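The values are calculated or read from the model by the stated rules, or taken from the named source; none is laboratory data. Because the structure is predicted, anything quoted here is derived from the model rather than measured. Cβ sites come from the backbone with ideal geometry, for glycine too, and all protein chains shown count toward neighbours.
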Amino acid sequence: MKIRTALATAMVTAALLTASGCAVTRGQETAGAYVDDITLTTRIKSRFYENKEVAGSSISVETLNGTVLLSGFAKSTNESSTAEKIAREVPGVTSVRNEIAVRP
């Protein structure tokens, strides 16, 4: 039983070290910056799902060093603008690139 616990701990540790190493390969300075970007992305996506004017499942959100990229499809320019406005209002977002395509 102790061997399983030790093996599981080793696997989780390896996974965490590997995941934090990805932050550096994405061009970010620290693992903390990577975590901050994930937090921003999560906050934006959750606000999309809370808002009835935005189809959260149709819009992708990517964040790199506080810069947010919105992509995907919207049913109207109003939905695209609302998504951009929501993203800009999240604390920690430095800029937003709106590349949402409007598809009626």
Worksheet, complete the sentence: When the stretch 11-61 is checked residue by residue, the ones that are at pLDDT below 85 and exposed (fewer than 11 other Cβ atoms within 10 Å of the Cβ) are M11, V12, T13, A14, A15, L17, T18, T25, G27, E29
Discussion item. Quick check on E79: is it surrounded by 15 or more Cβ atoms within 10 Å (Cβ to Cβ) and touching a residue at least 12 places away in the same chain (Cβ under 8 Å)?
Written reply: yes
